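Notes to accompany the following structure.
Laboratory data are not the source of any read-out in this text; all were calculated from the coordinates shown. What you are looking at is a predicted structure, and each value in this text was computed from that prediction instead of being measured. Ideal geometry is used to build each Cβ from the backbone, glycine not excepted, and the neighbour counts take in all protein chains shown.
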Amino acid sequence: MERVIVARIQGSTHHESVVRWARQEAIRRGLALRVVRADGLNDAQLVVAGARDPDGVMFPARPVVLVPEAPAALRSAGPGAEIVLGVDAREPAQAAVGFAFDAARVRGVRVRAVHSWRFPACAAELRFGVPEEDRATWEDHEVQLLGDALRPWREKHSDVHGLEDVRLLPPARALSRRSASAGLVVVGRSAEREPGPTLRALLAEALCPVAVVPT
């Protein structure tokens, strides 16, 4: 049987929050729950750990949900809180997108797909700043890219509402702002790499659990 496993990483100071979140997720998905220490992950479908556990995102190639310490933040989002998906519209992490839509389906909520962008290099050459018309044109293009990236998943999960959210912000900042009213933030990462600065910044600032899904 597939299991949701709570990894009670040594050094974590908020085991109760981790176990509570994992128990709720196990009930949602109709799976068994097993609480372990650093080892014993075996055939876990999902690993749940504390956001400040230093090795939390370095588990083998499986989704990991990292739960923040602040209990007030965990209570701020109600049962209908949306799933926030961090996605690069030019190169979407398919596993993370699928995880987000599935999590939204299980909860009966929508997916807010957040795509961060920045001005093209040519904008630096504009002596008097970026004209509003140019900014609108560039932003419309980013919205179109995001819509194209999400289209196959909307067709596959027709019962899940997907909302496009394009932000002229660094990715970690855009996602951390949305985390205040989210039930879960979902991001992807390469299974072969250590977490980069964007992921580390998000884990430090997020106000809700963050699911890290390897590609």
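The peptide list 106-115, 181-190, put in order of mean Cβ contacts within 10 Å with the highest first, becomes 181-190, 106-115.
Backbone amide hydrogens, once placed in the peptide plane, bring Arg189 within less than 5 Å of Val213, Thr215, excluding anything fewer than 5 places away on its chain.
Across all Cα atoms of segment 165-215, the radius of gyration (one decimal) and Dmax (whole number) stand at 10.7, 31 Å.
Shape verdict for segment 146-187, please, from the Cα gyration tensor: rounded (a/c under 1.5), prolate (a/b greater than b/c) or oblate.
Judged from the Cα gyration tensor, segment 146-187 comes out oblate (a/c at least 1.5, b/c at or above a/b).
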